[in-house]
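Every number in this text was worked out from the coordinates using simple rules, so none of it is lab data. Being a predicted model, the structure only gives us computed values, none of them experimental. Ideal geometry is used to build each Cβ from the backbone, glycine not excepted, and the neighbour counts take in all protein chains shown.
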Amino acid sequence: MSASLGDGWLRGRFGIEVTAEMGLQIGRIAGRRYGGPVAVACDTRPSGEALTSAVKAGIMASGQDVIDMGRLPTSALQYYIMTHDEVAGGIMITASHSPMDYNGFKFIAASGRDDPALEGMTAESIMAETIPTAPWEKIGETRGVNGELEKYVDAVAGCVDSEAIISKHLKICVDCARGNCQSTVTMLLNRLGVEYITMDGNASAGVTRRDSELSPENMKALGNLTSHTKSNFGVAFDMDADRCMFVTGKGKFVRGDKSFCILARSVLDKKKGKVVTSVASPSSIAKFVEANGGLIKLCAVGAPTVVRKVSDYGAVFGGEINGGSVFPDFQPCRDAILALARMLEAVAIYGPLEKQAAQIPDTNYVMVNVSCPDERRPEVTAKVRDLLSAMNPDVTDGFKVTEEDGWFLIRLSDTCHVIRVYAEYDDAEEAEAKANEYAGILKDMIGA
């Protein structure tokens, strides 16, 4: 199995698909591509330090300097790159929400946006690239920086009504997943006068008690802690803190479509405009956005696509139901730290999270995953296209069929070896049946 290059972000299992040798080559490619100082950071995975060392060595060997940012959220690295003209680009070493044995490399452009530097390449073609080593007298150097995290937190706090938040004397629980968010989030909460309780905050204590996926099952412990401590709400982050999800003060998981809507309203109440989300999102989002004076725009699934479309449409907000939120007035990328600040502001202004979530109708939304080996993907895609051709599917991303009482979507995952089947119908049993029906058809096609 080769490393995944979904969204131009290379990731896979450390020591198998992602290796130190690959890190060295990624560094060389970054040095050649950016032609100037490259900022490098990583999340807290055990393999991060080894891969970071390799990437830095490759950048320096190409003749460019390294700005070593250490361990910090992806959004903080992107903010640093965006706000420093002398920085030519960056590399974030992370696998985000993937399991702990995974790691990967994300290229970041000078604008702070995700850079599709590896688009059209494979892991094999990456390693086959021949990049000359600079002469000994032109080898790059490594330097660190001070105070940049504080500047990022100050900027985030400046995006919200700090006085409104401070006046409410809020208390929240934070599940750090032993990832990158601890120091950043606690610094932010101290600035905003919010009392907090953290869990899994020690990044050096080893593997977290849960994987980094922000699922209801993985967030049960956070829900219990939030309810037990009578906190206003709880928030959980993935490893590199570019996504977050919430639980109410009673410990109930808040579905991603509902948290998206709450954050969208917090933006639309200040500035009307377009809101971007993916074709895989529940219809509740479009209805809520339009009821609050916004105009919904749909695009393909994936953070880079959402970010690009937010820019293309001049949108005021964007994101997906996986907890990734884009606030373009601040910076052109997903930013879960700002999402937390916005949620604090929303609770301070509009009231308890559970009350706000209850105002957004529940939807009968189902997703089923079907494993599919890489080598079978083209064949299965062709079969699905033939199967659904008479239904005139929307092919923005995969094959989406809209019917009178709902819709279903079949699409290949960009980040793992599965085909996803989504369904949303007026009737809950029909949504389940439709998703399972097409999942069964896919399994027959694959021979699972």
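Structure summary
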quantity: 29 Å Cα-Cα threshold exceeded, pairs from 270/309; 287/309; 220/272; 274/355; 258/443; calculated: 220/272; 258/443
quantity: Per DSSP, loop GluC sites (Glu not before Pro) in the stretch 35-125 with at most 14 further Cβ within 10 Å; calculated: 86, 119
quantity: Per-residue Cβ neighbour rank within 10 angstrom, fewest leading, 240, 114; calculated: 114, 240
quantity: Relative contact order %, the chain, counting alpha carbon pairs below 8 Å whose residues are six or more apart; calculated: 13 percent
quantity: Segments 395-401, 329-335 sorted - mean Cβ within 10 Å per residue, highest first; calculated: 329-335, 395-401
quantity: Residue order, fewest to most surrounding Cβ atoms within 10 angstrom, among 102, 365; calculated: 365, 102
quantity: Burial ranking of peptide ranges 78-85, 21-28, 143-150 (average Cβ count within 10 Å, highest at the top); calculated: 21-28, 78-85, 143-150
quantity: Which label in (1) 25, 52, 22, 0; (2) 27, 59, 14, 0; (3) 25, 58, 17, 0 gives the computed P(r) over Cα pairs in 20 Å bins from 0, in percent; calculated: (3)
quantity: Separation in nanometres of the label points that stand 7 Å from Cα toward Cβ, at residue 270 and residue 383; calculated: 5.0 nm
quantity: Share antiparallel - DSSP beta bridges, the chain, percent rounded to 5; calculated: 60 percent
quantity: The stretch 278-434: C-alpha gyration tensor shape, a/c 1.5 cut-off, then a/b vs b/c; calculated: prolate
quantity: Contact order relative to length of the stretch 37-82, as percent, for alpha carbon pairs under 8 angstrom and 6 or more apart; calculated: 53 percent
